[in-house]
Amino acid sequence: MKKALVIALSLLAGTCAWAQVTITFNGTVNTVNDTSGPTTLGYAVSDPITLTFVLNDAVTPNVTGYNWYEDTLGDPLIFSAVSGTGVSGTFDRSTGVDANVQLQVTAPSQLSLQFLYTAPVGLTVNSQSIVNITASATYDGLTFDTSGSAPTPTEYFSAYVGSYNANWTSGSTGVYSYNFGPSVYVTINSMTISSVPEPSTYAALAGMLVLGLTCWRRRLV
């Protein structure tokens, strides 16, 4: 019975999916660029803002060095979902929309993200379509390993789970509406990388727990 349990656990280790990894930027609005008024996007200077990107673990995106990128409609998506303060809707790139999306490790402690599409992709802020979000910063206590070939983003960033304070942010960090209309610039204060097991992993763990309890009870009889 013990041998059967060991074999089952070995199978579990070999079949569990990579965890779902999210990257969350926490910041503060420092500038509002809006000729029609400061509230078109619903943000004001000093407002806290959080933006979360879920890495797409279903496919392997294009990569050069440690720059994962997405250009044309046929390219695999880097992100499967995007959410944040004031953001409504569901990310959907099912139409013929070209992109300039990048997730790049540009220095040992620096991560740069660009989320740019040529047409609306289902996300809005205060009814304004959002097609461009950028975030670039270096972080205390974070040292990326860029040796060897880059794996998938999910596999790579799952090794850096934790919260990191920003010590430098790019002036281009911000949220931009469609056709580069109203926009806000954001000072990044911190970044959190989180890892949550896939539902299939939870199901497998539950099955192993039931098997373990069954074995234990039989040994007591």
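The values are calculated or read from the model by the stated rules, or taken from the named source; none is laboratory data. Because the structure is predicted, anything quoted here is derived from the model rather than measured. Glycine gets a Cβ as well: all are built from the backbone with ideal geometry, and neighbour counts include every protein chain shown. Accessible surface is based on the protein model in full, side chains and every heavy atom, while ligands, DNA and RNA are left aside. Shrake-Rupley method; radii C 1.70, N 1.55, O 1.52, S 1.80 Å.
Scanning segment 169-190 for residues that are crowded, with 17+ Cβ neighbours inside 10 Å, more than 28 Å from Gly141 (Cα to Cα) and among the small types (Gly, Ala, Ser) yields Ser177, Ser183.
The residue that is surrounded by the fewest Cβ atoms within 10 Å (Cβ to Cβ), among those in segment 82-104 that are among the β-branched types (Val, Ile, Thr) and closer than 12 Å to Leu116 by Cα, is Val97. Residues considered: Ser183, Ser129. Of these, the only one that is touching a Gly at 6+ places or on another chain (Cβ under 7 Å), in contact (Cβ under 8 Å) with a residue 40 or more places away in the chain and among the small types (Gly, Ala, Ser) is Ser183. With respect to the conditions (1) within 19 Å of Ser80 (Cα to Cα); (2) at pLDDT 90 or above, Val175 lacks only one, and its number is (2).
Among residues of segment 99-154 being in contact with a Lys or Arg (Cβ under 9 Å, 6 or more places away or on another chain) and not in a loop (DSSP other than H, G, I, E, B), the one that is farthest from Thr72 (Cα to Cα) is Tyr117. Take Trp168 and tell me if it is out of contact with any strand residue (DSSP E or B) (no Cβ under 6 Å at 6 or more places or on another chain), at pLDDT below 85 and over 21 Å from Phe91 (Cα atoms). Spelling it out, it is not the case that Trp168 is out of contact with any strand residue (DSSP E or B) (no Cβ under 6 Å at 6 or more places or on another chain), at pLDDT below 85 and over 21 Å from Phe91 (Cα atoms). Does Gly148 qualify as being of a type outside the set (Ser, Thr, Tyr), open to solvent by 40 Å² or more (accessible area, probe 1.4 Å) and under 20 Å from Val21 (Cβ atoms)? The answer is yes for Gly148. Would segment 40-47 turn up any residue that is in contact with an Asp or Glu (Cβ under 8 Å, 6 or more places away or on another chain), farther than 25 Å from Ser147 by Cα and open to solvent by 40 Å² or more (accessible area, probe 1.4 Å)? No, segment 40-47 contains no residue that is in contact with an Asp or Glu (Cβ under 8 Å, 6 or more places away or on another chain), farther than 25 Å from Ser147 by Cα and open to solvent by 40 Å² or more (accessible area, probe 1.4 Å).
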